[in-house]
Amino acid sequence: MLPVEVPPSHLGPPILLLLQLLLPPTSAFFPNIWSLLAAPGSITHQDLSEEAALNVTLELLLEWPPPGRPRLRLEDYRGRTLLADDIFAAYFGPGFSSRRFRAALGEVSRANAAQDFLPASKDNPDLHFDAERLVQGRTHLVGALRETLVAARALEYALARQRLGAALHALQDFYSHSNWVELGERQPHPHLLWPRQELWSLAQAERKMLVGDPTCSDCEGLSCPGNMLDSTLLTSGYFGMFPPKPPGKCSHGGRFDPSSSQPPRGGINKDSTSPSFSPHHKLHLQAAEVALLASIEALSLLRSRLGDRGFSRLLDITPASSLSFVLDTTGSMGEEINAAKIQARRIVEQRRGSPMEPVLYILVPFHDPGFGPVFTTSDPDSFWQKLNEIHALGGGDEPEMCLSALELALLHTPPLSDIFVFTDASPKDAFLTNRVESLAQERRCRVTFLVTEDPSRARGRGRREALSPLRFEPYEAIAQASGGEVIFTKDQHIRDVAAIVGESTAGLVTLPLEPSVFTAGEPRAFAVDSLLRQVTVRMHGDISSFRIKSPAGVSQGPEEGTGPLGHTRRFGQFWTVTMTDPPQTGTWEIQVAAEGTPRVRVQAQTSLDFLFHFGIPVEDGPHPGLYPLTQPVAGLQTQLLAEVTGLISRQKLVDGQPQFSHVVLRRVPEGTHLGQVSLEPVGPPERGLLAAPLPPTLLSFSAPFSVELVGQDGEGRGLRRTAPQLCNVAPVLLELSGPADFLTPGSKAPLSLHIASFSGSQDLDLKTSVSPSFSLTSNLSRARLGLNESAWGRLWLEIPDSAAPDSVVTVTVTAVGQGASQVPPTHAFLRLLVLAPASQLDGLEAPTHAAAPVPPPATPALLPSTLVTQGRAGRGMVGKAWWGTVGGVLFLLGYTSW
């Protein structure tokens, strides 16, 4: 865990000199998944964003020696390509997972790339410094940076990363779309990040009867190295037909720019190395170098404003998860609440000051009919104090508002976290099951339910009707979709069973079982590779006996204590067997005898894991590449993109690096084999980027499936990793996007809704909701779509004068099949920031006498933060969606305020 103190000056000349020394040669930039096949060697927005983030991260870690480990040395990184896994392992140690850090970098870079794809942003010249809209572009750039600061200070780090990606995109576009580089500049514009500094020497645009300054001459060919008129004026190119290009002005250029065929022909963009896309392609590398320096400068500015701890949370520079509890507080829950307190206290005491100290603590209580408010803090003492204030009081009918509370927790818990629900009741709000499933999958959060159902307490809860034996099915569905589990236990065992809270937050992978479905009397197998430690088998149910067999044929049964393979513990019907380290590699077997269907899970600790998302190839337009999705859409050609974490290129491995060769897809819960597709590397192998096309048969229906990567470890033995969350093929594409500007109290914001079907006819109802309960109207309540048909709608969100500044508004749109339709619902979540207009420049302004950034002194933003979000606690939904996704299928793209 990084210390709270702030070192002096992050932005002065010595630091910038250090960062320039860290810059790799331009040939070291790698093509990524969005690299243009037509322009090999081009440097993309993702390259620039990740490279800048790694430079500032390395600078931060160089200044703070890791506890108990050697200090990082600058000379070890000079002249080398910076890789996230290398830096992370050097600081924290090779055994710690870099998955969250890599995921945060991915969020920023995909939000950056999304600006070129989203309908609400791709054609807006203000967001790309096009059409000589330089002052307006700077306004949007500074606004996005301020939104990043506000969201991060409010502990809304996923939202902050979304806005950071948008800000970096605009910043980088300035150097590619303007003539800053053509003017001979090799350093970032000194005033671009400072809203009170003039940009000076701007070319005059055409206004009314005034003729603007001519900036370009005519160019017939694709490459236009000499088409800029001799001038010291700053300008940028016009793209498309809106706004129209005035006489004598430069075009953006490229074969997809209609304005480039109008005199003066040609253009000035430096987006790629290809003259077909970029008339000034010969200046691409110079523009990329300056854009990288500018991106480093912007991130260093954020670091100075947030402090080191705040900046490390923004980029999730930690192996630790957050600790998130959802607690039933009715009168019968005394033992469960005490168990949660004990586990929380144990985690706080054992991990305080260590790399595994939780980043955030989240607590959401519920009962009937109320739920919330959500309590979020980065201070373990505040969390412990709040937890101690909770007691089991009162209670009504047996069902409780569990899923409403869980939805609230999901909206406040960082991605890739574990959420633990303590209850002894079924959900009263089961209608939320599908939406909560989608939200858990979108945020990649694993939900575990600890359910104590003790018949001896039946009289403690009022019951108006007989309870259905299926009443816990919503918990089962959510647990399965999120990669969690439902554990039934009793009061006398809950404290021991709750120990899985500490084990799960340590960062575990789940090992796949073969066969995936239990069959009485049949053994199930799981593979153990050389990179796994702390292999643990968990079983619960009406189990009479079990036997675990190692690859060498050694067996261990249900006898408690230490056996030949490891240590066995039993708490009622809950069993755990932890294998002795290092576990033998190879195929293990487990056979369980039980009444009914026992639940078996095998987990282990490892630094080698993977992240994944999906994308649609886009070949036409000025920015061909891959349109990123969080879930595939039925009927759309889709690529699976996997990012392997934990590959350490600088570590000298005697037997080589592990490699994944193909991906296996299975239907859930049946375990039916849906396809096996080869994985192709994208870029250098140490980057760990892999791609595979999804089988068309998979995309022809909407059903959950699992993703499993298969390969070999460095010794040539089998290697398997399974994504914890299931995936769903969305029946329709649903996109929801907001305005380019942030919201202000008293304003009315237009939102855009787009729905499309690529797999057949759809008759859908569209339902909307907003939290807090602001006024929301829509002109599209039903959509009847044929194959490859789309519908567009407009929503109007009214922000009352009483809206709290620096708060978050969540809009949800759900597409539901008409009548008896079997089409599963699709959800779109949109999160927007409400900012006070009077303080628009607050936190980013530079002193009026300074031409360069000047760091402020340490601020309270560095101290632990605590927030209580009331929302509509107690009634209705308190919602907040992750970054721009499109709900059930979700586009990781469209969501905050553009």
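Nothing in this text is a laboratory measurement; each read-out follows from the coordinates by a stated rule. These numbers come from a predicted model, not from an experiment. Neighbour counts run over all protein chains shown; Cβ positions are idealised from the backbone, glycine included.
Observations on the model:
- Relative contact order, percent, segment 652-718 [alpha-carbon distance under 8 Å, six or more residues apart]: 43
- Derived scalar couplings between HN and Hα for segment 376-387 equal 10, 8, 9, 9, x, 5, 5, 5, 5, 5, 5, 5 Hz in order, rounded to whole Hz, by the Karplus curve 6.51 cos²θ - 1.76 cosθ + 1.60 (θ = phi - 60°), x for Gly and Pro.
- Per-residue ³J(HN,Hα) for segment 544-556, Karplus 6.51 cos²θ - 1.76 cosθ + 1.60, θ = phi - 60°, Hz, x for Gly and Pro: 9, 6, 7, 8, 10, 10, 7, x, 7, x, 6, 10, 9
- Global geometry of segment 645-753, whether rounded, prolate or oblate, following the gyration tensor of its Cα atoms and the 1.5 cut on a/c: oblate
- Computed from the C-beta positions of Arg782 and Arg69 and an R0 of 51 Å, the FRET efficiency is 0.30 to the nearest 0.05.
- For segment 668-709: rounded, prolate or oblate by the Cα gyration tensor [a/c cutoff 1.5]: prolate
- Once the Cα-Cα distance is subtracted from the 0.36 nm per residue extended length, the Phe701 to Asp806 segment shows a gain of 33.6 nm.
- Cβ-derived FRET efficiency at R0 25 Å, Gln712 paired with Arg547, nearest 0.05: 0.30
- Across segment 103-161, the mean sequence separation of Cα contacts (distance under 8 Å, 6 or more residues apart), normalised by length, yields a relative contact order of 28 percent.
- For segment 569-726, Kirkwood radius (reciprocal of mean inverse C-alpha pair distance, Å): 18.2
- Segment 586-620 and segment 235-311 have Cα centres spaced 43 Å apart.
- The mean sequence separation of alpha-carbon pairs under 8 Å and at least six residues apart, normalised by the residue count of segment 312-460, gives a relative contact order of 28 percent.
- Taking N as its residue count, the alpha carbon Rg of segment 74-115 over 2.2 N^0.38 Å: 1.38
- Here the gap between His662 and Val816, fully extended at 0.36 nm per residue and compared with their Cα-Cα distance, gives a gain of 51.9 nm.
- Solvent-free Debye scattering, log10 I(q)/I(0), computed from the Cα coordinates of segment 311-377 at q = 0.22, 0.29 Å⁻¹: -0.97, -1.27
- Cα-based equivalent ellipsoid, segment 532-605: semi-axes from gyration tensor eigenvalues, Å: 19, 12, 12
- Stretchable slack from Phe242 to Val618, in nm (0.36 nm times residue separation minus alpha-carbon distance): 133.1 nm
- Segment 131-154 residues near the modelled Leu199 label - backbone nitrogen below 16 Å, point 7 Å along Cα→Cβ: 131-145
- Between Ala525 and Arg794, the FRET efficiency from the beta-carbon distance, with R0 = 56 Å, is close to 0.55.
- For the residue pairs Lys122/Lys748; Lys428/Lys748; Lys249/Lys748; Lys341/Lys549; Lys245/Lys748; Lys245/Lys282, alpha carbon separations beyond 27 Å are given by Lys428/Lys748; Lys249/Lys748; Lys341/Lys549; Lys245/Lys748.
- Global geometry of segment 717-815, whether rounded, prolate or oblate, following the gyration tensor of its Cα atoms and the 1.5 cut on a/c: oblate
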